[in-house]
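Right, one structure below, let's go through it.
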Amino acid sequence: MGAPAAWMLAAALAASGTARSAAAQSAQGTFFQSDSVLAVTLRTDLRTLLRDRDTANAEWRAATLTYAGPDSAVTIPLRVRTRGLYRLTNCEFPPIRLRFGQSEVRGTLWDDLRRPKLVTHCENRDEYEQNLLQEYAIYRVFRLFTPLGFGARLLRVTYEDSAGRARPVTRYGIVTEDPERLAERLGGTLLDSAGIRIFRLQQSNAVLLSVFQYFIANTDWAIAFLHNITLVRMADGLYGVPFDFDWTGVIDARYARPNPVTRLSSVRVRLYRGLCLPQDRFEPVLARFEALRDTIAAVYRAVPGLEPRVVERTLRYYDEFYRSIADRTRFFRREIEPNCGV
């Protein structure tokens, strides 16, 4: 299956679930509906920006974003600041928050965005760029299952230093949907409340979320602490939406470690940490994973710049998951039952 066909099939599968799914897809802004790589130049006082490592006091710094319009280059003024936790402290190139003014982006490609995240490459090395491309694939894969996931678009970013003190750097980056725009697209509202337990989520969402985190070997999430989870209140219940996948076992980034409470030896070891339910409640989600197996593989093979050896290593890791769920009863007794709620 070629790359365009893979994305078309993925979109069709995601849109076929429910009436709300179709409505949510059509309501999404055009920026995240495209899977083409957008080449941009981000120009700012780069050296000063990269020195901003204090989350509480990082300044918004003037910048411009330039990309190819229909007839000529388009340049948009914006402000940028560093963000993040681990990567802010430990990465040479920390993640960035973009802030657009409504009047500046009106009528442009960026019209639906206000304060999106820009996921960066951590270190200026190919290894870390491959990590980023894998994270982009995970965002895409989650959206195969449900429109209740963050939009993500791949950029080819050239970072230019407006002060002329640093050489330009060109790497892939990911722009992810604002949480406020996500909630608006879904017709819901954000819930910024800590202490909520997973059993309070809409049940099918909780099961999908739990199995998906197991699938990618992610222990770096917690609903109660709103850690790498956004909560959206919908008419029929509360939904959890995951983000930030760089500490997953499937990526296996050099700096990634398992959640200390799990006492795992490696991020590559899967551990189910989700909802406790009877075995039959997992069947629709596990069947969905099996139905999407080839499409998930096609997503990875369609990611620009992702090396074939990385793709094949990733798919072999996913094969372990599929082998383990082939015997549903054994999988439930060995993986779900002993560990649920951890």
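Solvent exposure of CYS276, expressed as accessible area, is near 70 Å², computed with a probe of 1.4 Å over the protein chains only. With all protein chains kept in place, the per residue accessible area of the chain amounts to 45 square angstrom at a probe of 1.4 angstrom. Residues of the stretch 79-100 with amide nitrogen under 19 Å from the 7 Å Cα-to-Cβ point of ARG51? Output list for this probe position: 80-83, 88-96. Inter-part distance, the stretch 212-268 to the stretch 116-165, computed on C-alpha centroids, equals 17 Å. Restrict the search to the stretch 22-108; then list the GluC sites (Glu not before Pro) that DSSP places in a loop and that have at most 15 other Cβ atoms within 10 Å of their Cβ. Sites meeting the loop and neighbour criteria: GLU59, GLU92. Filter the DSSP H helices in the chain by two things, a Kyte-Doolittle mean of at least 0.0 and an axial alpha-carbon span of 20 angstrom or more, and list the hits by number. Helix filter hits for the chain: none. Starting from the Cα gyration tensor of the stretch 30-188, take the square roots of the eigenvalues, sort them a ≥ b ≥ c, and report rounded, prolate or oblate (rounded when a/c is under 1.5, otherwise prolate if a/b is larger than b/c, else oblate). Because its axes are fairly even, with a/c under 1.5, the stretch 30-188 counts as rounded. Extending 7 Å from Cα along the Cβ direction at ASP126 and again at VAL74 yields two label points whose distance is 3.4 nm.
Note the full-extension length gain between CYS340 and ASP236 as 0.36 nm times their separation in residues minus their Cα-Cα distance, in nm to one decimal.
Result for the pair: 35.0 nm of gain on full extension.
Sites listed here are trypsin sites (Lys or Arg not before Pro) in the stretch 98-152 whose DSSP assignment is loop and whose Cβ has at most 16 other Cβ atoms within 10 Å: ARG106, ARG114, ARG125. This model, with +1 at the C-beta of Lys and Arg and -1 at the C-beta of Asp and Glu, gives the chain a dipole about its Cα centre of some 500 debye. Mean residue ellipticity, 222 nm, helices only, the chain: the sum of -39500 (n - 2.57) across DSSP H runs of n ≥ 4, divided by residue count and rounded to 500, is -10500 deg cm²/dmol. On the principal axes of its alpha-carbon atoms, the chain has extents of 62, 43, 43 Å, going from largest to smallest.
Extension gain for the segment THR158 to THR64, taken as residue separation times 0.36 nm less the Cα-Cα distance, is 32.7 nm to one decimal.
Roughly speaking, what is the stretch gain from LEU85 to LEU191, that is 0.36 nm per residue apart minus the C-alpha to C-alpha distance, in nm to one decimal?
Value of the extension gain: 36.0 nm.
The values are calculated or read from the model by the stated rules, or taken from the named source; none is laboratory data. The structure presented is a predicted model; accordingly, all values stated were derived computationally and were not measured. Glycine gets a Cβ as well: all are built from the backbone with ideal geometry, and neighbour counts include every protein chain shown. Side chains included, ligands, DNA and RNA excluded: accessible areas come from the protein's heavy atoms. Shrake-Rupley method; radii C 1.70, N 1.55, O 1.52, S 1.80 Å.
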